[in-house]
Amino acid sequence: MIGREKRVLLRHYLDQGLSKAAIARRAEVSERTLYRWIASGQLDRELDNEPVRYGPRRRRPSKLDPYKEIIDTRLAEYPELSAVRLFEEVQAAGYPGGYGQVKRYVREVRPQPPEEPVERFETEPGQQAQVDFAEFRLPWGKRYALIVVLGYSRHQWLQFYERQTMRVVMRGLEAAFVHFRGVPAEILFDQMKAVIIEDDRANGGQLVENPEFLRFAGHWGFRIRACRPYRAQTKGKVERQVSYIRKSFFYGRDFASDADLNAQALRWLDAVANVRIHGSLKERPADRFEAERPHLKPLAPWPYRPVVPQLPESAPQQADEARFPPLVEVERRPLTEYAPYSRGAP
């Protein structure tokens with residue numbers, strides 16, 4: 001059977017008045033075969049009687065081809081590394097193309113599982129920030145990322161600390177407020193032990209809150225809110241950021257020290273995290289932040305001064321002694337030593 005394309009070509013040659021020998025040469029068939037097709041009427045069939053069949057297209061070379069091995073190697077070591085990070089790395093290696101080719105190739109070699117449906121929980125500008133710690137492992141030990149995300153704009157702040165303590169939370173929040181140039185009306189915590197300890201069952205399930213942190217919240221003018229009633233509707237914004245930070249910032253990057261880690265984190269916030277197109281909002285957090293910032297409360301005129309003395313982070317073993325100082329020691333003497341002083345007393 002003659003294919004559709006060849007049949008169209010042969011009829012075109014016949015309509016032009018070419019000889020059968022010339023047509024056979026151009027079509028790369030024998031004259032005998034050509035005469036048989038003409039005699040059987042195959043060239044006179046309706047062209048639309050059969051579907052069009054196309055062969056596989058020849059694959060064109062891509063600018064990304066020389067750099068695919070870099071992507072494959074990096075994904076083998078860090079399977080969750082983001083396409084943006086991989087684009088930066090192949091660019092540094094000399095890749096001259098655009099981000100789209102990298103993104104498509106990453107999707108081919110690392111198919112994304114379908115996302116679970118999420119019920120979005122949105123807040124008004126300036127209403128809420130979400131706070132959480134996330135654990136990261138470095139060659140010199142564990143570090144804890146304190147993450148603060150504004151609920152409306154998703155504009156975020158991030159720094160790494162050695163420990164998860166109330167002092168770190170207060171110091172980090174003050175730095176975040178300065179970064180935001182304002183204070184949200186409420187801050188949502190996920191039962192962070194340094195701030196909200198647990199439910200007090202004897203008191204009908206009321207939250208037991210740290211008095212020092214309550215004073216800190218009053219100083220800065222925000223309300224403390226627990227992650228209730230339903231975690232997925234309240235805390236999702238900051239929890240999704242933990243995964244994003246691992247994939248886009250932490251994995252596959254080298255850090256020389258804690259200072260270098262935090263410096264790189266701040267640069268990444270300004271250059272990537274806060275200026276990207278947010279997956280849920282379809283807008284840049286930095287743009288939404290400009291609309292949210294006027295709704296934030298003004299900064300306190302001075303930093304919070306703790307009522308309970310705070311020891312350096314390097315002395316955790318003395319923390320309990322600082323919070324609960326020992327009683328004043330009184331010198332004890334036998335009662336007989338006081339007898340001379342009691343003579344003559346009425």
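The values are calculated or read from the model by the stated rules, or taken from the named source; none is laboratory data. Computed from a predicted model, the values in this text were never measured in an experiment. Note that we place each Cβ from the backbone using ideal geometry, even for glycine, and neighbour counts take in every protein chain shown. These area figures cover heavy atoms from the full protein model, side chains too; ligands, DNA and RNA do not enter into them. Shrake-Rupley method; radii C 1.70, N 1.55, O 1.52, S 1.80 Å.
So which residues in segment 233-274 are closer than 12 Å to TRP157 by Cα, assigned to a helix (DSSP H, G or I), in contact with a helix residue (DSSP H, G or I) (Cβ under 9 Å, 6 or more places away or on another chain) and open to solvent by less than 50 Å² (accessible area, probe 1.4 Å), if there are any at all?
GLN241, ILE245, ALA265, TRP268, LEU269, ALA273
Look through ILE277, ILE197 and report the one residue that is open to solvent by 70 Å² or more (accessible area, probe 1.4 Å), of a type in the set (Val, Ile, Thr), modelled with pLDDT under 95 and in a loop (DSSP other than H, G, I, E, B).
None of the other options fit; the residue is ILE277.
Would you check if there is a residue in segment 297-308 being assigned to a helix (DSSP H, G or I) and not basic (Lys, Arg)?
Checked against the condition, which is being assigned to a helix (DSSP H, G or I) and not basic (Lys, Arg), segment 297-308 yields no hits at all.
Would you be able to tell me the number of residues in segment 171-185 that are touching a residue at least 40 places away in the same chain (Cβ under 8 Å) and open to solvent by 10 Å² or more (accessible area, probe 1.4 Å)?
Summing the residues that are touching a residue at least 40 places away in the same chain (Cβ under 8 Å) and open to solvent by 10 Å² or more (accessible area, probe 1.4 Å) in segment 171-185 gives 4.
Let's see how each residue does on (1) at pLDDT 80 or above; (2) under 30 Å from VAL90 (Cβ atoms); (3) among the aromatic types (Phe, Trp, Tyr):
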{"position": "LEU10", "(1), (2), (3)": "yes, no, no"}
{"position": "TRP37", "(1), (2), (3)": "no, no, yes"}
{"position": "LEU47", "(1), (2), (3)": "no, no, no"}
{"position": "LEU64", "(1), (2), (3)": "yes, yes, no"}
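Which residue is most open to solvent (accessible area, probe 1.4 Å), if the candidates are limited to segment 65-92 and must be of a type in the set (A, V, I, L, M, F, W, C) and in contact with a Phe, Trp or Tyr (Cβ under 6 Å, 6 or more places away or on another chain)? Explain how you work it out, then say what you get.
Kept after step one, since they are of a type in the set (A, V, I, L, M, F, W, C), are these residues of segment 65-92: 70-71, 75-76, 81, 83-84, 86-87, 90, 92.
Remaining after also requiring in contact with a Phe, Trp or Tyr (Cβ under 6 Å, 6 or more places away or on another chain): 81, 87, 90.
On the way: LEU81: 0, PHE87: 35, VAL90: 1 Å².
Selected residue: PHE87.
The rows are residues; the columns are (1) closer than 30 Å to ARG225 by Cβ; (2) part of a helix (DSSP H, G or I); (3) under 20 Å from the mean Cα position of the chain (by Cα); (4) at pLDDT 90 or above.
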site	(1), (2), (3), (4)
GLN91	no, yes, no, yes
VAL102	no, yes, yes, yes
GLU115	yes, no, yes, no
GLU122	yes, no, yes, no
GLU135	yes, no, yes, yes
LYS142	yes, no, yes, yes
